[in-house]
Amino acid sequence: MDPGLVARFAAIVGARNCLAEPPALVTYECDGLTSMRARPGVVVLPASTGEVAAVVRLAREAGVAIVPRGAGTGLSGGALPVAGCVVVGLARMRRILEADLANGWARVEAGVANLDVSKHLAAAGAYYAPDPSSQRVCTIGGNVAENSGGAHCLKYGFTVNHVLGARVVLADGSVVDLGGPVADPAGFDLLAAFVGSEGTLGIVTEVVLRVLRKPEATRTLFATFPSCAEAGETVSAIIASGIVPAAIEMMDTLAIAAARAATGLDWPEVGAALLVDVDGTVGEAGHTAARAGEIARGSGALEVRWPRDEAERQLMWKGRKSAFAAVGRISPSYLVQDGVIPRSEIARALGEVARLAREAGLRVANVFHAGDGNLHPLVLYDARVPGEERKAEELAGEILRMCVRLGGSITGEHGVGADKVVYMGEMFSEDDLATMDLVRSAFDPERLFNPGKVLPAPRLCGERPWPSRVRPVEAADPAGPA
Amino acid sequence: MSAVARREGRGGDAVLGLVPRAVFEPSTVEEAAEAIRACDAEELCVTVVGGGTDLGIGGRPSAVGAVVRTGRLDRVVEHAPADQIAVVEAGVPLVALQERLAPHGQRLALDPPFPGRATVGGLVAANGFGPLRTRYGTTRDLLIGATLVRADGVVARGGGKVVKNVAGFDLPRLMVGSLGSLGLIATVTFRLHPLPEAAETVLLSGLDPEGLWRTVRGLREAQLEPSAVVALGAGPFDLAVTFEGFGPAVEAQRDRLAAAARKEGAACEVLDAAGAAGIRERHDAIRAADGLRLKVAALPSHFPGAVADASRVLGSAFRGPGFAGYPSVGVGFFTVPGPRAGDAGGGGPSAAAAEGARAVARTRELFERLGGSLVVQAAPEAVRAAVDPWGEPPAALALMKSLKERLDPRGRLAPGRHAGGI
């Protein structure tokens, strides 16, 4: 980037918080989707809404694209830079500004880590419900951009159900408050459109969060099954019984093995396992947990275990949460997919996944949010074997197409980002996408924010702003991608 | 292809006194699109009408060239019990949907007044809700997909049929409370909830504003999880708290609340089914009154005091204003039945009308001062003429106008009805 322009950005945020040297920029070339990379022109780390607004005004004046970034944990390339853009990192804005627990809300800066909100409120018996698995590091601002979910959204909903208001810097550099702590603000529900817009409509700098009182009791059960068919049937039967569990997580043989290897848990070698949380008052949680256990047994469970104490409960959840990373112990490389199917189709979908995997000659581990049909197939491969990564990507793509065929979605929580733009047309018609684009242009007519994400570029413009699928090894070239 | 049913407008089709030139009654999404295209071609401004229960919300449209009635869009397109979702055409009355769902042990967790008339599309457009909002939120929290017809007649779909889905912008939620000014809602897809096995209601009576807030706050602190918390009357308040779920758990919650209330010395009664139905009838009668209907909102901690003050202010201009609200959410409604609203200016400009308008304005001040709001949902003509239905323009008005211009560039959809004159 032109040094004169860099200096002007530095004048806004301070030289220390303005990165333009290649070694410093490398960190920002990708987010959690490391297979796609591009070098930004400059990275700025503003400390206030005013600084964000000044950065946006300058970028607009200079005609430079703006890519907002939280902690960079996203898995769809939502924070992937556009070559030469300005990346606006919110990491320095991490104050919890206000907590009004009696009225059930808190106001925080966008760079606050998700889990830090709940930690801050824990002593008062309150918490922030959405719990994406990266919650130790991922930011509230990033959660708003992605409409993040987590294991417990089955009962409690997603970010959109827990965000009451947002302070947003718009493309013209103006600052606007959408929503707020008081119910039913007048006018269109622009906040609903903003949440999940993946950084394409503006930059969120402050968020008013709904804060819940912790449930009185949480009960957990772990059940094992001969195969995913019985586990899937159990999920359907629990839901059909009228129970609304806080979470139902499912793991298949490979995922159980990975979790066992990572944590030393004495989980058996079985076809599938479910980890179920129910919560509520002591009476409600006890009753529903017992009933869920009976249903699991009636649906063919090999074994139903109850944690003896909170420590064992935490260990079970640690096993579930570590299953992702633990897959690294049983395979040199893997891809994480995120697709949704109607939950009644779990057994059929997993059968399809297994068939597709066999055809591709690859292994797939499944560890996912079964209660809402949110699959997370982990496609295992070896990047050292020529052609295998491409095969893995093709398989992951076929799994998404299957989700759409079954009436589901191409993403349940990771977002469309840069990664899945090409699949949007399989789920939505051109009219659907054009209508979404009208919403985008109402906020950002010049397409300054995060261009190329979420919505496919108009067909005539054709190319994506990134070289397709730049490999990490290529991006290590000091010249960077063109 | 069948042509959309069309006829001349009549007196009974009037929207706040404006008789439309044409009335369309589409029976398919494609016919709805055809109707909107016809209106576009003939330069007719469109008001979409479902059950007609909330047509008084907001401003009077600056023109009503055509009314599109959604009543013939009356099919439950799909109900997938195992997935707990339903795809429903906009004109299906809520009761008809609930009757389809109940044999499967399911419901849409939405209980506004007029369930027999209010349509699912209208409930989304008008953001309709009832006591269950306490636990389940509004249609915003229940809606997972929608098909809409844009002002240019293009049909667009957003969301999907699965609850967990973040693909694309959230067009469905953008429709919530849009009052037909961003597009015609043609179909909606909802997530459903299980019908509870048991329900128990506890009635506390004679609460002053402090007592009401203490009780509402106490529910949260005690980790009780009511489905509905309804305040009726405003001086003093009655508070009906309903627990739903599995039998023994519900009874335990009921008993804990009753014990806590008695310890505080509050008048407290555990209601039987007839008693609970009686409370529901009282609630519905207050909510349904449409001589005057004001929706008020404030933070829950401010809400009881503001409601009590407002009740006195409104009582000075209107005879016996009723109040029904949801204090744990901080939203409620002041109403006066139709015929009696005539006492305060039903018959045109008069001293009583001026007094009524002043009372509404003073009530709005009470709420706006606290960061809250007051929206006129129904009012006598003379009061409506003297009071802005929306109050303070929203902070994001410019952005809202920008959105309106993109989706309805010729301003054909309910022009002037929404906040800020949109």
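The values are calculated or read from the model by the stated rules, or taken from the named source; none is laboratory data. Worth saying up front: this structure is predicted, and the values here are computed from it rather than measured. All Cβ positions, even for glycine, are placed from backbone atoms using ideal geometry, and neighbour counts span all protein chains on display. Note: accessible area is taken over every heavy atom of the protein model, side chains too, but ligands, DNA and RNA are not part of it. Shrake-Rupley method; radii C 1.70, N 1.55, O 1.52, S 1.80 Å.
Quick notes on this structure:
- P(r) tail, region B:347-390: Cα-Cα pairs separated by more than 12 Å, 56% of all pairs.
- For residues of A:433-444, the mean tally of beta carbons on other chains within 10 Å: 6
- Chain lengthening between B:Thr28 and B:Lys263 when straightened (0.36 nm per residue, less Cα-Cα): 78.8 nm
- Whole-angstrom gap from region A:102-155 to region A:1-60, using each part's C-alpha centre: 26
- Take the Cα of B:Glu368, step 7 Å toward its Cβ, do the same at B:Asp255, and the gap between the two points is 5.1 nm.
- Using distinct alpha-carbon pairs, which all enter the 1/r mean, Kirkwood radius of region B:150-302 in Å: 18.6
- Summarised in one figure, the compactness ratio Rg/Rh of region B:263-422, Cα atoms and Kirkwood Rh, is 1.04.
- The relative contact order of chain A comes to 16 percent, based on Cα pairs under 8 Å that sit 6 or more residues apart.
- Region A:3-89 - percent of accessible surface contributed by carbon and sulfur, probe 1.4 Å: 58
- Helix A:3-13 axis, angle to chain A major axis (alpha carbon atoms, nearest 10°): 60
- Relative counts (whole %) of C-alpha pair distances in region B:360-422, using bins that are 5 Å wide: 4, 16, 23, 20, 18, 12, 7, 1
- D (Stokes-Einstein, µm²/s), Kirkwood Cα radius, region A:217-405, 1.002 mPa s at 20 °C: 128
- Its residues counted as N, region B:263-326 yields a C-alpha radius of gyration over 2.2 N^0.38 Å of 1.33.
- For region A:222-299, average projected area of the Cα convex hull in nm²: 5.1
- Within 10 Å of each Cβ in B:292-301, the average number of Cβ atoms from other chains: 3
- Ellipticity estimate at 222 nm from DSSP helix runs (n ≥ 4, -39,500 (n - 2.57)) divided over chain B, nearest 500: -9500 deg cm²/dmol
- Here region A:96-213 is treated as a Stokes sphere of Kirkwood radius computed over C-alpha pairs; at 25 °C and 0.890 mPa s its diffusion coefficient rounds to 175 µm²/s.
- Helix B:397-407 vs. chain B, principal-axis angle (Cα, 0 to 90°, nearest 10): 40
- Heavy-atom surface of chain A, accessible at 1.4 Å and reported per residue (Å²): 35
- Bridgeable lysines around A:Lys119 (alpha carbons under 16 Å apart, same-chain partners fewer than 8 residues away excluded): A:Lys214.
- Using Cβ point charges alone (K and R +1, D and E -1), the dipole size of chain B about the Cα centre works out to roughly 600 debye.
- Theoretical FRET efficiency, 1/(1+(r/R0)^6), r = Cβ-Cβ of A:Arg136 and B:Val77, R0 41 Å, to 0.05: 0.45
- All-pairs Cα distance distribution in chain A, expressed in whole percent, bin size 20 Å: 24, 56, 21, 0
- Peptide B:329-335, shielding by other chains (average Cβ, 10 Å cutoff): 2
- Heavy atoms of chains A and B lose about 6500 Å² of accessible surface on contact, summed over both sides with a 1.4 Å probe.
- Spatial separation of Cα centroids for region A:362-437 and region A:84-99, in angstrom: 30
- Burial of 20 Å² or greater, region A:332-361 residues [accessible area, probe 1.4 Å, versus chain by itself]: A:Val340, A:Pro342, A:Arg343, A:Ser344
- Within straight-line reach of B:Lys295, meaning a Cα separation under 25 Å, sit the following lysines at least 8 residues removed in sequence or on another chain: B:Lys401, B:Lys404.
- Region B:155-221 versus region A:299-328: alpha-carbon centroid distance in Å: 33
- Globularity index of region B:118-157 is 1.37 (Cα radius of gyration / 2.2 N^0.38 Å, N = number of residues).
- For a paramagnetic label modelled on B:Glu8 (point 7 Å from Cα along Cα→Cβ), amide N atoms under 16 Å away belong, within region B:57-75, to B:66-67.
- Note on region A:3-89: Kirkwood hydrodynamic radius from all Cα pairs is 12.7 Å, rounded to one decimal.
- Computed over protein heavy atoms with a 1.4 Å probe, the accessible surface of chain B works out to 34 Å² per residue.
- Histogram of C-alpha separations across chain B, 10 Å bin width, %: 5, 21, 30, 27, 14, 3, 0
- Relative contact order of region A:96-213, pairs being alpha-carbon contacts under 8 Å that are 6 or more residues apart, as %: 33
- Size-normalised alpha-carbon gyration radius of the protein assembly as shown, reference 2.2 N^0.38 Å: 0.94
- Full-extension gain in nm, A:Ala434 to A:Trp306, via 0.36 nm per residue minus C-alpha separation: 41.0 nm
- Ellipsoid semi-axes for region B:190-249, based on the Cα gyration tensor and the rule √(5λ), read 24, 12, 11 Å when sorted largest first.
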